[in-house]
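Notes follow once the structure below has been shown.
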Amino acid sequence: MLKSLSSRTAPEAVKVTETSDLRYLAARQFSVQWRAVLLAMADELFENFSAEEAWGFYRQIGVRVSQSVVLPAVTTLDELEASLNAVLAEMDWGYVSLSLAENAIAIHHRAYPGQHLEDASGHWRRAFAALLEGVYTVWLQSQGGRPEMAATHREGAGDEVLEFSYGL
């Protein structure tokens, strides 16, 4: 898979400016109907189970979600990015930019649901990152990735982006 995608050069970094408008829009995309439930669920799991168990739970939810949404087959990194963004837009889950980095695909996910809500514990951010690990693992394996390859969340990307690496 990576060989067929290797001709793409890294994109320019996306500059996102924090404004009250962005906060408003991010809060609107996270359904008020489910917001309190999802935040409480993340808190409950991360506070009452080990971090690995809570992470594994959300990752498995991501695997299940990804199995209900099939990506069309693509051959380039640009096509993969466009395909992912089309599905993420349908789900109102934000958007990604992809680039190649040391035998892996770097995934930068922005504007995820609940990104700008009060989350002092950080549990929601971790829960959604774990969910995306499961989603991206299955979606990228379906594009020709080897079964042992997985998407892995990378800490330290800052508040505006969830960063993942897909590879070995």
task = Select from the stretch 101-159 the residues that are open to solvent by 40 Å² or more (accessible area, probe 1.4 Å), in contact with a Gly (Cβ under 9 Å, 6 or more places away or on another chain), of a type outside the set (D, E, K, R) and more than 22 Å from residue 76 (Cβ to Cβ) and list them in ascending order.
result = 152
query = Is there a residue in the stretch 46-61 that is under 18 Å from residue 166 (Cβ atoms), without any contact (Cβ under 8 Å) to a residue 24 or more places away in the chain and either within 17 Å of the chain's Cα centre (by Cα) or not in a strand (DSSP E or B) (or both)?
reply = no
note = From the option list 163, 155, single residue qualifying as over 16 Å from residue 96 (Cβ atoms) and of a type in the set (D, E, K, R) is 155
ask   = In the stretch 102-119, how many residues are assigned to a loop (DSSP other than H, G, I, E, B), among the small types (Gly, Ala, Ser) and touching a strand residue (DSSP E or B) at 6+ places or on another chain (Cβ under 7 Å)?
value = 1
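The values are calculated or read from the model by the stated rules, or taken from the named source; none is laboratory data. On a predicted model such as this, the values are computed, not experimentally measured, just so you know. No Cβ is skipped: glycine too gets one built from the backbone with ideal geometry, and neighbour counts run over all protein chains shown. Ligands, DNA and RNA are excluded from the accessible area calculation, which covers all protein heavy atoms including side chains. Shrake-Rupley method; radii C 1.70, N 1.55, O 1.52, S 1.80 Å.
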